[in-house]
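Structure record follows, encoded as structure tokens.
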Amino acid sequence: MKIRHLVIVLGDQLDLEASAFDGLDPAQDRVWMAEVAEESTHVPSSQPRIALFLSAMRHFAQALRDRRWPLDYTRLDDADNAGTLAGELHRALARVKPQGLVMTAPGDWRVLQSIRGAAAAASLPLEIRDDRHFFSTVREFAEHAKGRKQLRLEYWYRALRQKHGVLMDGDAPAGGQWNFDADNRESFGKQGPSDLRAPLRFVPDAHTQEVLDLVKTRFADHPGRLDSFGWPVTREQALQALHDFITHRLPLFGRYEDALWAGEPWLYHSQLSAALNLKLLHPRETVQAAEAAWRAGQAPIEAVEGFIRQILGWREYVRGIYWTQMPEYLERNALDAREPLPAFFWTGTTDMACLRDALTQTLTHGYAHHIQRLMVTGLYLLLLGVRPQEAHQWYLSVYVDAVEWVELPNTLGMSQYGDGGIMASKPYIASGKYIQRMGNFCKGCRYDPGESTGPTACPYTTLYWDFLMRHEAMLAGNPRMGMQVRNLARLAQDKREAIATQAQALRDAG
Ligand SMILES: Cc1cc2nc3c(=O)[nH]c(=O)nc-3n(C[C@H](O)[C@H](O)[C@H](O)COP(=O)(O)OP(=O)(O)OC[C@H]3O[C@@H](n4cnc5c(N)ncnc54)[C@H](O)[C@@H]3O)c2cc1C
Ligand code: SF4
């Protein structure tokens with residue numbers, strides 16, 4: 001019998017309710033999934049990231065088989081695996097001979113091009129359906145962006161809250177304000193975090209163990225480690241992880257959203273990004289669970305609004321930016337940054353205590369929370385003047401939640417200011433003093449955040465002043481940078497020269 005549709009399911013589309021499955025008829029359609037090396041090698045994907053994708057795909061394949069949906073699945077270690085998505089699809093088309101292809105819109109530009117190319121080469125119709133996983137469509141975002149000189153999160157976020165009735169009391173925002181950011185910037189103080197409870201981690205089952213063994217041998221030279229792998233790889237586990245967060249960490253999420261603490265990788269963050277991005281978890285159920293906790297008096301409004309802003313706000317916003325700006329976005333470099341990525345980003349070997357901690361936990365778990373990504377690793381690369389494309393490749397490689405549609409705008413736009421202000425109204429720059437204020441790293445560091453020159457000068461502080469000097473003319477035109485530019489004007493010429501020399505030495509050291 002002729003196969004009607006080959007239903008394409010990618011490694012980050014693991015949702016049984018996805019639009020690709022609408023109208024699926026097991027008698028005449030077939031689902032297609034493929035593990036291919038290219039997805040782990042087009043950037044040097046970390047071992048935890050590869051393991052998470054492969055394990056979640058294999059568990060999802062099992063869920064499809066349990067439904068008795070016919071499945072064409074290629075494993076990475078299958079002898080004749082073509083190694084690329086397009087190559088594997090080409091082989092599947094020759095084998096299955098479907099009359100057409102159906103899929104939910106892929107998240108990444110590169111993948112869309114490769115699937116379109118394979119369908120065109122086989123002269124087969126490709127039906128791409130909207131991704132219902134998100135609250136908004138890219139068309140809605142494009143409509144919102146039309147005619148605006150500047151795109152800002154806040155207006156988009158408010159519009160989505162109103163449209164979807166999230167945290168609303170009638171027409172008014174719940175709690176009387178749209179935004180509780182001002183309450184969400186505390187550091188821990190000398191005593192450090194209290195009531196920290198270890199998050200739920202999942203012991204690898206047989207499927208995951210098999211994947212861990214495969215990754216250890218096949219990708220032995222890739223960064224990262226697997227000994228503490230415990231990410232949710234099924235929908236059931238993702239729901240348990242959501243429940244664990246809502247019950248134990250959401251109440252303090254907002255207050256300490258921006259805080260740092262040595263040796264504490266998770267703090268009060270949800271660690272749900274990977275499950276969300278693989279579509280094991282739906283943003284709607286995540287947002288609803290948080291709002292329900294507030295309405296039941298189990299979490300304060302500032303925590304709940306802060307958390308919902310990340311998902312309903314930032315996550316939808318960066319997706320809109322990505323799809324309305326690609327593919328040119330990938331090449332943008334507004335600050336003309338040309339330095340290579342420092343080699344120690346792949347090993348964590350550095351004397352900078354804050355950076356060492358962020359890099360080490362990144363390589364160990366494939367995770368760092370937002371302020372570590374933005375104000376520790378990202379800040380260092382921005383101040384050093386690293387090419388945004390190299391920064392992008394690093395972030396896309398190392399994190400378990402890294403998929404390009406969300407990673408690229410965050411890295412190139414928000415963190416590196418490579419888009420010249422589409423994502424952020426000013427470069428996120430700070431000296432070592434900011435890191436000192438937000439955590440406890442500087443006490444255990446051989447550098448001094450108050451010094452910008454000399455043997456104990458904190459590299460962040462040196463590079464901060466050097467960044468201001470290098471970009472003074474551009475920054476002077478930005479009203480939000482006024483105070484920093486005025487402070488720079490007070491710096492004596494000999495100090496400026498000493499800073500520039502020390503910054504160059506840091507760049508030369510790599
Ligand atoms: C340089 C850089 C690179 C990043 N790369 C990625 C990436 O590859 N994948 C990714 O999902 N996020 C990325 N982020 C955003 C954010 O740092 C992570 O989503 C977050 O740290 C994940 O941890 P969590 O689940 O504990 O988040 P929480 O702090 O608990 O936040 C809750 C959820 O909100 C969403 N969220 C929070 N901040 C953002 C944001 N800025 N953009 C989009 N969604 C957000 C995530 O889904 C997250 O799970 C990046 C940020 C920066 C600065
Ligand atoms: S002194 Fe500088 S490098 Fe050291 S921990 Fe503080 S901010 Fe980081």
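The values are calculated or read from the model by the stated rules, or taken from the named source; none is laboratory data. Owing to the predicted nature of the structure, the values given are computational and were not obtained by experimental measurement. Neighbour counts run over all protein chains shown; Cβ positions are idealised from the backbone, glycine included. Ligands, DNA and RNA are excluded from the accessible area calculation, which covers all protein heavy atoms including side chains. Shrake-Rupley method; radii C 1.70, N 1.55, O 1.52, S 1.80 Å.
Check the straight Cα-Cα distances from LYS149 and name the aspartates and glutamates below 15 Å, setting aside those fewer than 8 residues away within the same chain.
In chain and number order, the partners are ASP419.
In the full protein assembly as shown, how much of LEU196 is accessible to a 1.4 Å probe, in Å² to the nearest 10?
60 Å²
Want the number for HIS370 to HIS248: 0.36 nm per residue separation, take away the alpha-carbon distance, what's left?
Extending this stretch completely gives an extra 42.0 nm.
With a sphere of radius 11 Å drawn around the Cβ of HIS222, what net charge do the other residues whose Cβ falls strictly inside it have (Lys, Arg +1; Asp, Glu -1)?
Here the count lands on +3.
Enumerate the amide H contacts of ARG129 below 5 Å, restricted to partners 5 or more residues apart or on another chain; note that Pro and chain-start residues carry no placed amide H.
Answer set, sorted by chain and number: MET103, THR104, ALA105.
Give me the distance between the Cα centres of segment 126-162 and segment 482-508, rounded to whole Å.
Computed from Cα coordinates, the inter-centre distance equals 41 Å.
Suppose R0 equals 25 Å; then what is the FRET efficiency for LEU16 and VAL96 from their Cβ-Cβ distance, rounded to the nearest 0.05?
0.75
Can you give the accessible area of ASP508, probe radius 1.4 Å, in Å² rounded to 10?
Accessible surface of ASP508 is approximately 110 Å².
What list of ³J(HN,Hα) couplings, whole Hz, do you get for segment 51-59 from phi and the Karplus terms 6.51, -1.76, 1.60, once you set θ to phi - 60° and write x for glycine and proline?
4, 4, 4, 5, 5, 5, 5, 5, 5
Among the listed pairs LYS146/LYS279; LYS216/LYS433; LYS2/LYS216; LYS163/LYS433; LYS443/LYS495; LYS279/LYS443, which are separated by more than 31 Å between their Cα atoms?
LYS216/LYS433; LYS2/LYS216; LYS163/LYS433; LYS279/LYS443
With a cut-off of 8 Å between alpha carbons and a minimum separation of six or more residues, what is the relative contact order of the chain in percent?
Value for the chain: 16 percent.
What distance in nm separates the two pseudo spin-label positions at GLN28 and THR456, each 7 Å out from Cα along the beta-carbon direction?
7.8 nm
Using the Cα centre of the chain as the reference point, and only Cβ charges (+1 on K/R, -1 on D/E), how large is the resulting charge dipole? Debye, rounded to the nearest 20.
Its charge dipole is roughly 640 debye.
Subtracting the Cα-Cα distance from 0.36 nm times the residue separation, let me have the gained length for GLN209 to ARG152 in nm, one decimal.
16.2 nm
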